[in-house]
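A.B. asks: Structure provided below as C-alpha cells; questions to follow.
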C-alpha cells in the first residue's frame, strides 16, 4: 500500500460517493480474515491502515496476565512492558506481527473489497433511481427472451417483463422498443430487480396522464380503471372544473389523444365514461356504448339492476359478458342486466320508465 492507494480511494470517494473511511474500515476487516486464513492462526489480530501514508500493520492482541495459559491470546506483564512500559494486568497489548510478504495479500484483498463496495454502491444508486419510478411508465429495448420472460434494457439495468404480463397482441423481438409499467422494484443480493407489465391497469392510467394535459395538471382526474388487456378497457373520469369536459379532454381534437393510446396498446378498445356520485347514472355510463332505460339500485347488496331496450341487450352484456364485466369492475357494483321485455315479464312494467342519458360516454375502437 502507498500514497497512490490513498489517492485512489479519495478519487473513488469523489466519483462514487463512497467515503474513504468506509472503504478503509472494510479493507481492514477483510485483511483480518486474510491474515488468519493465509497464516493459519487463531489469535486475535487487528489491522491498521495509516490514513495518510497507506502503510499497513498487523497487530496481535493479547491480554496482559500474571501467568500465561494460552500464548496465542495472553502475554505476561514483564513481556508486555518490553513493548509498552505502561501496560497493566487485564490490559490488551498490541504486538506487531506484520508478515514480510503481507503487502501482496493486502493489495489483492483491497482490490476485491473496493470492487465489491463499488458494485454495491452502484446497485444502491440504481435501486434508489428506480424505486421512485415504481408504478410509472418506462421505455426500454428488448434484449433477449427465455421460456418465461422478456429481458428489457432500461439503460442502467436489465428489467424483467414476464410473458404472462404481455398483451395477446404484443409481438416483440430483439431490438424492439417497448413501453411498460413498473409493478415492482426489489433490492436483491444480485442487485435491483425490476418487474414490468403491459397488462396492468396502471399502464392505461399513466398513458392518459402523459397524453392529456388536463389530467397531468389535476383538472381532470381518473376515478377508476377496468381493463382486459389487449381487448377492451373502461376508464371513468371526472372534472374538478365545471367548464372542462373530462371526456372531451381525454378524447382530444378529432380523437387524436385517445387514438395515440389505442395505437400504443395495439388496438385495444377504450370506453371513456363520465364518473358520477349518483350510482344509477354512473352504472348507466359505465355500460357504454349501450343505451340504458332504467337503473334500480339495491344499496345493501351493492347491486344495480339495469333495464335496456331489447335490441341493446347483447350490446350491454358484450361478447362473452365483457362489457358488463368491465362495467362491474369499473363501478365496484354487481350489475344485473335485463331487457325491457324480460323486466316486464319478471317484475311487471315500471310505472315510469325513464331513459338515463349518458351522452358523455365515448367508446373508441
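A.B. asks: Quick check on my filter: what residues within region 212-268 are crowded, with 19+ Cβ neighbours inside 10 Å and farther than 26 Å from residue 324 by Cα?
C.D. replies: 212, 214, 215
A.B. asks: Mind listing just one residue for me: the one in region 27-42 that is in contact (Cβ under 8 Å) with a residue 24 or more places away in the chain and surrounded by fewer than 17 Cβ atoms within 10 Å (Cβ to Cβ) and, of those, nearest to the chain's Cα centre (by Cα)?
C.D. replies: From region 27-42, those in contact (Cβ under 8 Å) with a residue 24 or more places away in the chain are 27, 30-31, 34-35, 38-39, 41-42; that's our starting set.
Now restrict to residues that are surrounded by fewer than 17 Cβ atoms within 10 Å (Cβ to Cβ): 38-39, 41-42.
Details: 38: 43, 39: 46, 41: 47, 42: 46 Å.
Only one residue fits best here, namely 38.
A.B. asks: Just one of the numbered conditions (1) closer than 22 Å to residue 139 by Cβ; (2) touching a residue at least 60 places away in the same chain (Cβ under 8 Å); (3) part of a strand (DSSP E or B); (4) assigned by TED's automatic domain parsing to the domain that holds residue 323 is not true of residue 192; which one?
C.D. replies: Single failed check for residue 192: (4).
A.B. asks: Now for a separate question. Within region 133-146, how many residues turn out to be touching a helix residue (DSSP H, G or I) at 6+ places or on another chain (Cβ under 7 Å) and buried (at least 17 other Cβ atoms within 10 Å of the Cβ)?
C.D. replies: Selection size over region 133-146: 1.
A.B. asks: Across region 1-35, what is the number of residues that are within 25 Å of residue 75 (Cβ to Cβ) and out of contact with any strand residue (DSSP E or B) (no Cβ under 7 Å at 6 or more places or on another chain)?
C.D. replies: Filtering region 1-35 for residues within 25 Å of residue 75 (Cβ to Cβ) gives 28-29, 31-35.
Still in the running and out of contact with any strand residue (DSSP E or B) (no Cβ under 7 Å at 6 or more places or on another chain): 29, 33-34.
The total comes to 3.
A.B. asks: Within region 68-79, is there a residue that is within 29 Å of residue 191 (Cβ to Cβ) and surrounded by 13 or more Cβ atoms within 10 Å (Cβ to Cβ)? I'd like the intermediate steps shown before the answer.
C.D. replies: Filtering region 68-79 down to residues within 29 Å of residue 191 (Cβ to Cβ) leaves none.
The answer is no; no qualifying residue exists.
A.B. asks: For region 298-320, name all the residues that are within 16 Å of residue 331 (Cβ to Cβ), within 39 Å of the chain's Cα centre (by Cα) and surrounded by 14 or more Cβ atoms within 10 Å (Cβ to Cβ).
C.D. replies: Within region 298-320, 303, 304, 316, 317, 318 meet the criteria.
A.B. asks: Assess whether residue 96 counts as being modelled with pLDDT of 85 or more, out of contact with any strand residue (DSSP E or B) (no Cβ under 8 Å at 6 or more places or on another chain) and either surrounded by 15 or more Cβ atoms within 10 Å (Cβ to Cβ) or assigned by TED's automatic domain parsing to the domain that holds residue 22 (or both). Working first, answer last.
C.D. replies: Numbers: modelled with pLDDT of 85 or more: yes; out of contact with any strand residue (DSSP E or B) (no Cβ under 8 Å at 6 or more places or on another chain): no; either surrounded by 15 or more Cβ atoms within 10 Å (Cβ to Cβ) or assigned by TED's automatic domain parsing to the domain that holds residue 22 (or both): yes.
Judged against the criteria, residue 96 is not a match.
A.B. asks: Quick one: which strands (runs of 3 or more DSSP E) sit completely within region 34-132 and have at least 2 residues that are touching a helix residue (DSSP H, G or I) at 6+ places or on another chain (Cβ under 7 Å) and closer than 24 Å to residue 10 by Cα?
C.D. replies: Correct list: 45-49, 56-65.
A.B. asks: Give me the strands (runs of 3 or more DSSP E) completely within region 235-343, filtered to those with at least 3 residues that are in contact with a strand residue (DSSP E or B) (Cβ under 7 Å, 6 or more places away or on another chain) and farther than 30 Å from residue 177 by Cα, ordered by residue number.
C.D. replies: In region 235-343, 294-298, 303-308, 334-339 are the strands (runs of 3 or more DSSP E) which contain 3 or more residues that are in contact with a strand residue (DSSP E or B) (Cβ under 7 Å, 6 or more places away or on another chain) and farther than 30 Å from residue 177 by Cα.
The values are calculated or read from the model by the stated rules, or taken from the named source; none is laboratory data. None of these values were measured; they are calculated from a predicted model. Cβ coordinates were reconstructed from backbone atoms using ideal geometry, including for glycine residues, and neighbour counts include every protein chain displayed.
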